[in-house]
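I have placed the structure first, in the form of structure tokens, so that the comments after it can refer back to it.
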Amino acid sequence: NLVADVIGVDRSEITPATSRETAEQWDSMNHLRLITALEQSFSIRLSMDEIEQIKSFADLSAALERHC
């Protein structure tokens, strides 16, 4: 839900394959908003390397699993 809300798409459009290349709304500004929202919601801190490597919902899920 958080990803859909931040990038402004319907929740049903989010799949593991959803990426910065497939979702035009997932631009650089929304990427930063998404990272900030996730860090606040899950009380985690992602490294700059992790933030740069997140290019899809699957990448994002993997990063969260490493921290939660």
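The values are calculated or read from the model by the stated rules, or taken from the named source; none is laboratory data. What you see is a predicted model; the values in this text were computed from it and never measured. Here the Cβ positions follow ideal geometry from the backbone for every residue, glycine too, while neighbour counts run over all protein chains shown. SASA here: full protein model, heavy atoms, side chains in, ligands and nucleic acids out. Shrake-Rupley method; radii C 1.70, N 1.55, O 1.52, S 1.80 Å.
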Ser61 accessible area, 1.4 Å probe, all protein chains in place, Å² to nearest 10: 40
Two-decimal log10 I(q)/I(0) for the chain, as the Debye equation yields it once each C-alpha is a single scatterer, q = 0.13, 0.15, 0.29 Å⁻¹: -0.30, -0.41, -1.64
Segments 25-38, 43-56 sorted - mean Cβ within 10 Å per residue, highest first: 25-38, 43-56
Cα-based helix-to-principal-axis angle, 28-42 vs the chain, degrees rounded to 10: 50
Per residue solvent-accessible surface (Å²) - the chain, probe of 1.4 Å: 65
FRET efficiency for Thr22 and Glu65, using Cβ-Cβ distance with R0 set to 25 Å, rounded to 0.05: 0.70
Helix-only mean residue ellipticity at 222 nm for the chain, each DSSP H run of n ≥ 4 adding -39500 (n - 2.57), per residue, nearest 500: -16000 deg cm²/dmol
